[in-house]
Amino acid sequence: MADENLKEAFLHPADNRRPMYYFELPAIDDETLSEQLMNAVQTCRRSGCSTIIPQLPLGTELDAAGIARVCDIFAELLSFAKKEGLKVGFYLDPAFEHAVIREMSSIGNNDMRAKILECKEYICSRNEKVSRPLRHEMPLSVVAYAEETCEIIDLRPFVRDGKIQWNAPDGNWVVREYFAAEDTEREGANYLSYDASYRYLSAVFTLFQPVFVPYLGTTLTVLAYSGIGFNGKNRRSWDPSFNELFEKRFGFDPAPVYPALFGYIGKKTDHIKTLLMTVRASMIQHGIMHALRDFAVEHGLKPFGNLSEPKLTACSWLVGDAMLNNIYSPCALLDKAYMYGVNSVKIAAGAAYNFDEERVNAELFRNYGGCSSGSLCNDAMNAFARGVNCAAFHLTDALTGDATFGDFAARVQTLLRGGRHVSDIAMLYPIYHLHSKVNLYFSPTHGYEYPVTPPTADYMTLINSISIYSGHDLTVLHPEVLNARCYAEDGVLYLKNAHNYERFRVVVLPSTDMISLENLKILKTFFDGGGKILATGVLPTKAFEYDETGENDRMVQRLTEEIFGRDACDRHVMKDYCHHKNEAGGESFFLYFNFSATDGTQMTKSSTVNEALNSFDIPFDVYLPGMLRLECTGGLNSAYPEFSTIGLHRSFPGGGMMGHIHKHRGDADIYYFANTTKLEYNHHVLLRGAFDVEERNPYTGECHERHRKFFRYKGEIYTNLRLTLHPSESVFFYATKAPLSDEEIAATEEITSIDHLRGEHAALMSEF
C-alpha cells in the first residue's frame, strides 16, 4: 500500500533531511581550536546531523587580525567537513556586521548604517513668533501639535532657508521635527533598506571570499542568521525613504500625521498608526529579508534564520510583520525565555502554507542548557507536530552520544517535508490590531520586557486553546493572503495555492478592532454560504482601508452586526457569548474575555472555546477523544521550555501536550501524533476518511499494517484506530484510501457522539 521509495527514505533518511547543528566556537585564540573543530565535526556526524553552523562566542568583537583568524578557522572547518561528508553553514555573526559597519564609518561611508527616527520638539509660548533653525537639513516631517485639541499643523510651508518661520496661534503648541538619523549607539546595518542590506551582506562575504569560493554550493550550503528585527533605541528603526513608500502605497503624504507614532491625535489615531506601522513592517520585509534570500540564492546557499525576540503579542514593535517576513525563509525559534516559543512555529508554518513554501525551518534549544534528552526530545516533537520540517539544534551533551535523536528527527522531517497541510480551521492573523497598539518612545527604555504588549492580543493563547485543549490543528492566514489567495463558496473557505491548497470549514477571528474591509466581505460571503465563524474578545469596528469620511468603518460595523448579530456589537450586553445563525447554515459565536493569561493579556477560557467549536457540528479532520483537557492551557505555552527565568510556571501536567499534524502527499495521507505529557494515551483516534493504515515508528523506522474499523459520524466516514502513545513518544500513520464498496459504506455503523466512545472504551479496545 505504501510508496516504497518513501518507505525506504523513511528507514534510511537522506542527509538533506537530517537536522543541522549549531556549534559555538571557543575563543578564536584558543590553542586547542583545531582539535575542537575536528571534535565538533565528528560530534555532528555522530549525532545524526548533516550540517554544522559555527557561531562565535557571544560578545566577540573583531579587528583585522581577528577577521584573518576567523578566515583560518573557516578554512580548517570546511576542510574537515568535506572529508567527513558534512555540510557547513555560514552564520552572519553580529561581530561581522559590527566590523563591516565600523570599517565603513572609519572612511566616512555611513550609507549602510542603521537609522532611527528622531523626534526633537520645541514648546512654544502663546502666540509666539517662531524663528528656529531646523535640527536636520532634510526632515521627514515638521509639525505643530496641540495636545489638548489634537490639532496638527504642517509647518513645511513655513520653512525658509533652513529655518522655521511661523506665528503660533492661540493655544498650547509644540513644534516637532522628525528625521531619520544615524544610530550612533549601535554598529548595525540598515535592515529597512534592500540596497543597504545587500551591500552589507556583500561586504561581509568579501571578507571570507577566498576561503569560501572553492566550497560554495557543495560543502558550504547554508546562509544562517538570527535576530532580524527593529533594533536600537526603543525600536525606532527608520529610513529616509519612508514617506515616499507610504504615499506610493496609501496615496497621501504621511508627514503631517507623524505624531500618531508617539501618541494620540484623535479618533483617527489607530487608523493612521496601523498604516504607518504597516509600511514600516513592509520595509524590513522588502529590505533585509528580501536581500538575505536573494543573496543566498545567488551564491548557491539556502537561507536559514529567525526573527528578533519572538514576543509574538508585540511583534509589530519587535519585527514588524512576522508572517510577511517569513515569506522568504519561514523560520521559528525556541528559546528558553519565550512564553510563546512553540507558537512561533505556528506563525512560521502559517507563512509557509500561505505562500506555498515547502520548508518550515526552526532553530531549537537556544539558551537551554542543563536539559535532559527526554525534555529536549519533547520540545522537538512539539515543534514537529506544529509544522517544523527542517530543524537546526543547539545540541547539548545530552544529545551528542549517538545518532538516536538525529535519526529520529531525520525520519520525522522526511515524512513532513512536502505535500500540503490539512486543517479545517483558519485563524486570521490580527496584525492590523497589533500595529494599531504600538507607541514609539522619545527616550530609551531599559530591560527586556518593553511596555508594548496589547492586553487584547489573544491570538497566541487562542492557538493553544484550539490545539492543546480542543485537539484541532489550524492554519494562520495573513490578511493579505485572505484577500489575494482565498475565496468562499458554499460555506467553505479555500486557500488557492499551486501546492498547499486548503479547505476551511471554520474561521477563527481573534480579538481585533481593526480589520481589512475586504477580509470581512469574504468572511460575510463565507458566513452567508453556511460557513462557521468564531470570534473572541473584541469585534472589528474599524477598517484597515482608512477613509476620512468614515464610510469604510461604518461598513465594517454593518458587516460585523450581520455576521455576529446586533447583541454582539452592543457593549452593554454582558454574556459569556453571543450566538447567531442564518438560513443557509451559517453560524457565528462571539466569546467574551473571561480569563487573564500569565503575561497579562486577556483571553477566553479554553473550555468556552471548545464548547463553541463543538457546537458548530463540523466533522473535524482528527479526533482524539482520550485527550486530557485542563482549563486554561491556552494561558501559557505548555510545552518546554521552562519559564523559571521570567518567573512563570507550567500550566499543563508534565509540561507537555498532545499534538498532531496532517499532511496530504501524493496518494497518501500522513498523520504525525506526539504525546509530550507524562501520561499515557491509550485510546481511539478517528481520521476523517476510509483508510488502510500503516504505522511508522520514527525511532526505529519499523513499519507495520494496522487493524482499523470504520464509523460514520456527522455524515462522514471515519477510520477508527487504537492509538497508544507512552509519555514522550510519537508515531506516524501512513494512510491510503481504502477501496470500500457502496454496500460496505452503507453498512458502516453510525455514531452520534465522539464522547460516546469513552463509554465504549473497554469494549472497543478489545477488538484491536
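The values are calculated or read from the model by the stated rules, or taken from the named source; none is laboratory data. The structure displayed is predicted, hence computed values, not measured ones. Every residue, glycine among them, receives a Cβ derived from its backbone with ideal geometry; neighbour counts consider all protein chains shown.
Here are some notes:
- Flag for Phe96 being part of a helix (DSSP H, G or I), at pLDDT 95 or above and over 30 Å from Ala738 (Cβ atoms): yes
- Unmet requirement for Glu309, which otherwise passes all of (1) at pLDDT below 95; (2) surrounded by 24 or more Cβ atoms within 10 Å (Cβ to Cβ); (3) among the acidic types (Asp, Glu): (2)
- Note on the stretch 526-566: residues that are within 24 Å of Lys267 (Cα to Cα) and part of a helix (DSSP H, G or I) amount to 12.
- Near pairs, Cβ below 8 angstrom, 6+ apart or cross-chain, from the stretch 745-759 (assigned by TED's automatic domain parsing to the domain that holds Leu723 and within 20 Å of Ile618 (Cβ to Cβ)) to any residue that is outside any loop (DSSP other than H, G, I, E, B) and modelled with pLDDT under 85: Ile751/Leu757; Leu757/Leu764
- Listing of helices (runs of 4 or more DSSP H) fully contained in the stretch 296-392 that carry 1 or more residues being of a type in the set (D, E, K, R) and touching a helix residue (DSSP H, G or I) at 6+ places or on another chain (Cβ under 9 Å): 341-354, 373-385
- Checked against the criterion of being within 16 Å of the chain's Cα centre (by Cα) and either in contact (Cβ under 8 Å) with a residue 24 or more places away in the chain or not assigned by TED's automatic domain parsing to the domain that holds Val41 (or both), the candidates Ala409, Ala352, Ala403 yield just one match: Ala352.
- Within the option set Leu493, Leu523, being in a strand (DSSP E or B), surrounded by 24 or more Cβ atoms within 10 Å (Cβ to Cβ) and either modelled with pLDDT under 95 or over 19 Å from the mean Cα position of the chain (by Cα) (or both) holds for one residue only, Leu493.
- The stretch 271-297, residues that are farther than 16 Å from Phe246 by Cα and either hydrophobic (A, V, I, L, M, F, W, C) or not assigned by TED's automatic domain parsing to the domain that holds Gly89 (or both): Ile288, Met289, Ala291, Leu292, Phe295, Ala296, Val297
- Among residues of the stretch 158-183, those that are part of a loop (DSSP other than H, G, I, E, B) and surrounded by 13 or more Cβ atoms within 10 Å (Cβ to Cβ), counted: 6
- From the list Thr184, Thr149, the one residue that fits, being outside the structural domain of Leu86 (by TED's automatic domain parsing), within 19 Å of Ala260 (Cα to Cα) and modelled with pLDDT under 95, is Thr149.
- Residue in the stretch 167-174 that is free of Cβ contacts under 8 Å to residues at least 12 places away in the same chain and farther than 15 Å from Leu117 by Cα present: no
- One residue from Tyr441, Tyr487, Tyr501 being within 23 Å of Leu318 (Cα to Cα), more than 17 Å from the chain's Cα centre (by Cα) and surrounded by fewer than 23 Cβ atoms within 10 Å (Cβ to Cβ): Tyr441
- Looking only at residues of the stretch 459-478 that are part of a loop (DSSP other than H, G, I, E, B) and at pLDDT below 95, we find that the one that is surrounded by the fewest Cβ atoms within 10 Å (Cβ to Cβ) is Gly471.
- Of the set (1) touching a strand residue (DSSP E or B) at 6+ places or on another chain (Cβ under 8 Å); (2) farther than 25 Å from Leu434 by Cα; (3) surrounded by fewer than 16 Cβ atoms within 10 Å (Cβ to Cβ), all apply to Asp576 but (2).
- For the stretch 96-112, the set of residues classified as buried (at least 21 other Cβ atoms within 10 Å of the Cβ) and of a type outside the set (Phe, Trp, Tyr) consists of Glu97, Ala99, Val100, Ile101, Met112, listed by residue number.
- Scanning the stretch 44-93 for residues that are surrounded by 21 or more Cβ atoms within 10 Å (Cβ to Cβ) and of a type in the set (D, E, K, R) gives Lys87, Asp93.
- Members of the stretch 14-40 that are part of a loop (DSSP other than H, G, I, E, B) and touching a strand residue (DSSP E or B) at 6+ places or on another chain (Cβ under 6 Å): Pro19, Leu25
- Out of Ile563, Ile533, sole residue that is buried (at least 24 other Cβ atoms within 10 Å of the Cβ), in contact with a strand residue (DSSP E or B) (Cβ under 8 Å, 6 or more places away or on another chain) and assigned by TED's automatic domain parsing to the domain that holds Gly491: Ile563
- Any hit, the stretch 444-457, residues being at pLDDT below 95, touching a strand residue (DSSP E or B) at 6+ places or on another chain (Cβ under 9 Å), farther than 26 Å from Ser237 by Cα and surrounded by 20 or more Cβ atoms within 10 Å (Cβ to Cβ): no
- Residue selected from the stretch 116-157 under the condition surrounded by fewer than 16 Cβ atoms within 10 Å (Cβ to Cβ) and without any contact (Cβ under 8 Å) to a residue 40 or more places away in the chain, by the criterion nearest to Ser241 (Cα to Cα): Glu137
- Screening the stretch 377-400 for residues that are in contact (Cβ under 8 Å) with a residue 24 or more places away in the chain and more than 21 Å from the chain's Cα centre (by Cα) and picking the one that is surrounded by the most Cβ atoms within 10 Å (Cβ to Cβ) gives Leu399.
- If you go through the stretch 689-707 and keep only what is modelled with pLDDT of 95 or more and assigned to a loop (DSSP other than H, G, I, E, B), you end up with Gly689, Ala690, Asn697, Pro698, Tyr699, Thr700, Gly701, Glu702.
- Within the stretch 315-338, the residues that satisfy the criterion of being modelled with pLDDT under 85 and in contact with a Ser or Thr (Cβ under 7 Å, 6 or more places away or on another chain) are Lys336, Ala337.
- Selection status of Tyr198, hydroxyl-bearing (Ser, Thr, Tyr), in contact (Cβ under 8 Å) with a residue 24 or more places away in the chain and surrounded by fewer than 21 Cβ atoms within 10 Å (Cβ to Cβ): yes
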